[in-house]
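The values are calculated or read from the model by the stated rules, or taken from the named source; none is laboratory data. All values reported here derive from a predicted model rather than from experimental measurement. Cβ: placed from backbone, ideal geometry, glycine included. Neighbour counts: every protein chain shown.
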Amino acid sequence: MKLFKSCKPEHDVASECKSLKLGTLYGYQRDEDDNIRDEGEGTYHLELQFLEKIKLSKQIANVLLHPLFNFGAYKPIKFSGHIQCTGSGIRVENKEKHSIAIEAKSLAIRRQVSDRFVFCMSISRSKPPAISGNYTTHWGISDKDAAEFAHGMAKGLIASIKKNRMIVKGLSENDIKTLKVIYKHRRVSYISRTHKFSKVNQESVDSYVKSLTYMDFIKPSKYAQNYEYRFTFEVHSESGVHLPASDSAFIDSTFIEKHVIKKPRSR
């Protein structure tokens, strides 16, 4: 399999371009191109309705009901981002050591992962899909080089930030010493961003936890024709997480020259 980057000719690193443009998760919520804009990027919704009393272990309850409730020493899921909660008709009994009983007419939890830098490609055997009429060319690498490519982009992002620390928010001169980039890469899953529970079992909770872990790799099925493979980059220092200061950042692309698949010469 190959990873392809559709782009404008001036951004083709297989030609004369020597830089890569990283976007941001929240930037894709606002993109002017209708084919790219996704106003729900990085969000996930949990909807609960327990019209009859059900019993949950406190460990599972902490996963589902955080931050509304926290039961004992069982730790809820931690992630960087925002949480909003609404509900009605909620009744909780906390009489047992390891479990609780709950009823709820409605309970909705909206989670949003913190903003981060993003680089999107398409995965295919032969050629990229047509993503936007604005992108008239493309370049590609082998999917076997994805890990090395991600590592190279992370190093490039650090180098760019050291030259201009205004690329991210809240970065002091002292933070530069402990600067690091945490990156992930994988195929995007095209599934619903809303998880609805009326009954709970371990399989459904595991599925929800997995979705939370990869909120930034979930998109609705209407984007499935893009076959997206995504790289994400979160900037950290000893003082915490540093969010992007704008919707894009540029890094040196010369590190990928050995990986770029050569295009056949036109006759």
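The table that follows gives values for the structure above.
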{"quantity": "Residues (surrounded by 19 or more Cβ atoms within 10 Å (Cβ to Cβ), in a helix (DSSP H, G or I) and β-branched (Val, Ile, Thr)) located in the range 155-185", "calculated": "161, 167"}
{"quantity": "Cβ pairs under 7 Å, 6+ apart, first in the range 90-101 and outside the structural domain of residue 66 (by TED's automatic domain parsing) and surrounded by fewer than 16 Cβ atoms within 10 Å (Cβ to Cβ), second of a type in the set (Phe, Trp, Tyr) and assigned to a loop (DSSP other than H, G, I, E, B)", "calculated": "none"}
{"quantity": "Selection status of residue 266, small (Gly, Ala, Ser), at pLDDT below 90 and not in a loop (DSSP other than H, G, I, E, B)", "calculated": "no"}
{"quantity": "Scan of the range 132-154 for residues that are in a helix (DSSP H, G or I), of a type outside the set (Asp, Glu) and closer than 17 Å to residue 228 by Cα, ordered by number", "calculated": "144, 146, 147, 149, 150"}
{"quantity": "Elements of type strands (runs of 3 or more DSSP E) contained in the range 196-261, each with 3 or more residues being in contact with a strand residue (DSSP E or B) (Cβ under 6 Å, 6 or more places away or on another chain)", "calculated": "228-237, 249-252"}
{"quantity": "Residue list for the range 102-132, filter: farther than 23 Å from residue 28 by Cα, surrounded by 13 or more Cβ atoms within 10 Å (Cβ to Cβ) and of a type in the set (Gly, Ala, Ser)", "calculated": "104, 106, 108"}
{"quantity": "Pairs where the first residue, in the range 237-248, is over 21 Å from residue 30 (Cβ atoms) and the second is among the basic types (Lys, Arg) and part of a strand (DSSP E or B), C-beta under 8 Å, 6+ apart", "calculated": "237/180"}
